[in-house]
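Some notes on the structure that comes next.
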Amino acid sequence: MGRSRRTIPEELLLLALDPATGTTAQPQSLDLGLAGAQLVELALAGRIAPDGDRIAVVMARPTGDPTLDSALELLRRRGSPVRAVHWIGGPRLGLRQIYLAHLERCGMVHAVAGQMCGVLPTTRYQATETAISRDIRARLDSAIRTGVPPDPRTAALAALAHAVGLGKHLYPGNEGRSSRSRLRDLIRHDPMGGLVAHAVMDVQNGVAAQPRRSTTATPDNGSRHAAAAGVPMQSHHGAMARAVVHH
């Protein structure tokens, strides 16, 4: 997979970064959104496809992106399609740190070490390639304001931004209300993006689809399903040892 274009997980994380504070908005739901964004990116690469409310591997060949390929391999090991809500609801703690470390290696963000209360080490991140961040935001703004159906990549990004609650971060206050509403409406323009966005919201609401919205499960149930899939609780990336301050 070429590196001339950022992946959807990377774009979602760049959207969530607050340029003033170096922290990420909606940190808890953002991990879920990043897991969903991986699914969308793998679908766009032709590696997986929706099968009802499940995700099926249709091509196991690696993409060349180590983080995406790790997710693809875990899906392949299942041997049968997995429900999107169970996959996204698995123990994905650390995806933000993994992707932040990746963006730092790529020169997209700069890590700034500090301390909280003068004791606890913290790391904040500032975007360095601001032109790319502006381009990502401009695509989203254009889709919202023009009413022209966006390309699948932008539609999926919008759906995930809404699902993780970035609307108030991107379009704050009363003046941003109509933009937040249109951001939500963009969810219908990409089937895969819509599937994973709804799964992200279902996980946050404690709902497991079987099919969609017929049974309920606690987050612990989702974790057990993911554990059965072989999803690791932690990553070996050194960046996970850093304490990252969030809102």
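The values are calculated or read from the model by the stated rules, or taken from the named source; none is laboratory data. A quick note: this is a predicted structure, and the numbers were derived from the prediction, not measured. Don't worry about glycine lacking a Cβ; one is built from the backbone with ideal geometry, like all the others, and counts go over all protein chains shown. Note: areas computed on protein heavy atoms with side chains; ligands, DNA, RNA excluded. Shrake-Rupley method; radii C 1.70, N 1.55, O 1.52, S 1.80 Å.
All of (1) crowded, with 23+ Cβ neighbours inside 10 Å; (2) out of contact with any Ser or Thr (no Cβ under 6 Å at 6 or more places or on another chain) hold for V164 with one exception: (2). Restricted to the range 46-61, and to residues there that are part of a loop (DSSP other than H, G, I, E, B) and surrounded by 15 or more Cβ atoms within 10 Å (Cβ to Cβ), the residue that is modelled with the highest pLDDT is R47.
Right, I144: of a type in the set (A, V, I, L, M, F, W, C) and under 19 Å from V200 (Cβ atoms) or not? Considered against the rule, which asks whether it is of a type in the set (A, V, I, L, M, F, W, C) and under 19 Å from V200 (Cβ atoms), I144 comes out as no.
Among the conditions (1) at pLDDT below 90; (2) assigned to a helix (DSSP H, G or I); (3) of a type outside the set (K, R); (4) over 22 Å from G89 (Cβ atoms), the only one that Q28 does not satisfy is (4).
Just one of the numbered conditions (1) in a strand (DSSP E or B); (2) open to solvent by 10 Å² or more (accessible area, probe 1.4 Å) is not true of S70: (1).
The residues of the range 33-73 that are in contact with a Phe, Trp or Tyr (Cβ under 8 Å, 6 or more places away or on another chain) and farther than 15 Å from R83 by Cα, listed by number, are L34, T67.
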